[in-house]
Amino acid sequence: MTAVTVPARAPWSAVIPAGGLLTLTDLHGNQAVDFLVYDARDTAVRYSAPDTIQHQGNIFLTTGSVLLSNEHTALMTVVADGCGGHDTIAGACSKESNTLRYGHHTWSQHACVDNFLAEGARRGLGKRDLVSNINWYMNVPVEDDGTLGIVDGRSAPGLEVTLRAETEVLVLVSNCPQINNPCNGFDPTPVRMTVALPEAPEAPETAQTPAAPEAAAVPATAEAAVRG
């Protein structure tokens, strides 16, 4: 098992084998974690929000949600969730969206797309490989008129989400640096990533080879007869 604390505003990535567990821990509460996942053997197979939403009939993610790919294959499954209601429609913050929403003075602010591009480049990925992502711990209600809100999160210090890899996957994370809305409480903080490898299967018991029976002693008279 390995555990890494991802600093505020920083990216992180890992390859997780099939059956491995990834646990995200919101250390201080109310911290959004932007998340992408790819099939590690073929990164053209990657997380698909439309497939995932259609399959589960719900726009929010929680225990039991299966993260499906654009090939409708299972990448990861949420096996434990201390928070619930995670977002997968609001996307990642970027310099462009910050400028549009909050003004041109935000252009120089670091954003999740920057993190995804920097960490993805280390894994051979580029801008064309970025798709609609998951926002763990982010509270994005949908209003009656269809508009999205970004409001105070429901998370709290120490709450965890655990996912099981259904195949070998590459995970990209941006510990969201946003300071212009409440998704991080206007104060980004560290999170922890814990990877637990699958347990090795027990070796089957090998059958014991029965010992050969001991040869019976030959009577002296019989031995003499054979020699004679």
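State yes or no: is Arg101 among the basic types (Lys, Arg), over 25 Å from Thr194 (Cβ atoms) and out of contact with any His (no Cβ under 8 Å at 6 or more places or on another chain)? The answer is yes for Arg101. Criterion applied to Ala74, Ala40, Ala44 was being exposed (fewer than 15 other Cβ atoms within 10 Å of the Cβ), modelled with pLDDT of 95 or more and more than 20 Å from Cys183 (Cβ to Cβ), and the one residue passing it is Ala44. Within segment 117-129, track down each residue that is open to solvent by 40 Å² or more (accessible area, probe 1.4 Å) and under 26 Å from Phe186 (Cβ atoms). Answer for segment 117-129, where residues must be open to solvent by 40 Å² or more (accessible area, probe 1.4 Å) and under 26 Å from Phe186 (Cβ atoms): Leu117, Ala118.
Being in contact with a strand residue (DSSP E or B) (Cβ under 7 Å, 6 or more places away or on another chain), open to solvent by 10 Å² or more (accessible area, probe 1.4 Å), among the small types (Gly, Ala, Ser) and assigned to a loop (DSSP other than H, G, I, E, B) is a property that Gly19 has. Can you work out which of the residues in segment 96-112 that are touching a residue at least 24 places away in the same chain (Cβ under 8 Å) and open to solvent by less than 30 Å² (accessible area, probe 1.4 Å) is farthest from the chain's Cα centre (by Cα)? Looking at residues that are touching a residue at least 24 places away in the same chain (Cβ under 8 Å) and open to solvent by less than 30 Å² (accessible area, probe 1.4 Å), I get Thr106. Among residues of segment 27-41 that are closer than 23 Å to Thr189 by Cβ and assigned to a loop (DSSP other than H, G, I, E, B), those with a Cβ under 7 angstrom from a residue that is among the aliphatic types (A, V, I, L, M) and open to solvent by less than 10 Å² (accessible area, probe 1.4 Å), sequence gap 6+ or separate chain, pair up as Leu27/Val191; Gln31/Val191.
Scanning segment 77-95 for residues that are surrounded by fewer than 21 Cβ atoms within 10 Å (Cβ to Cβ) and either over 26 Å from Ala156 (Cα atoms) or among the hydroxyl-bearing types (Ser, Thr, Tyr) (or both) gives Thr77, Ser94, Lys95.
Segment 117-199 holds strands (runs of 3 or more DSSP E) entirely within its bounds, and those carrying 1 or more residues that are under 20 Å from Ala49 (Cβ atoms) and touching a residue at least 12 places away in the same chain (Cβ under 8 Å) map to 134-136, 159-165, 169-175. So which residues in segment 76-129 are in contact with a Phe, Trp or Tyr (Cβ under 8 Å, 6 or more places away or on another chain) and small (Gly, Ala, Ser), if there are any at all? Within segment 76-129, Gly84, Gly85, Ala92 qualify.
Checking each residue in segment 130-187 for being under 30 Å from Asp39 (Cβ atoms), surrounded by fewer than 24 Cβ atoms within 10 Å (Cβ to Cβ), of a type in the set (S, T, N, Q) and modelled with pLDDT under 95 picks out only Asn139.
Is it true that some residue in segment 78-92 is assigned to a helix (DSSP H, G or I) and charged (D, E, K, R)? No, that holds for no residue.
The values are calculated or read from the model by the stated rules, or taken from the named source; none is laboratory data. Quick caveat: nothing in here was measured; it's all calculated off a predicted structure. Please note: Cβ atoms are built from the backbone with ideal geometry, for glycine as well, and neighbour counts cover all protein chains shown. Each accessible area value is taken on the protein alone, full model and side chains, heavy atoms only, with ligands, DNA and RNA left out. Shrake-Rupley method; radii C 1.70, N 1.55, O 1.52, S 1.80 Å.
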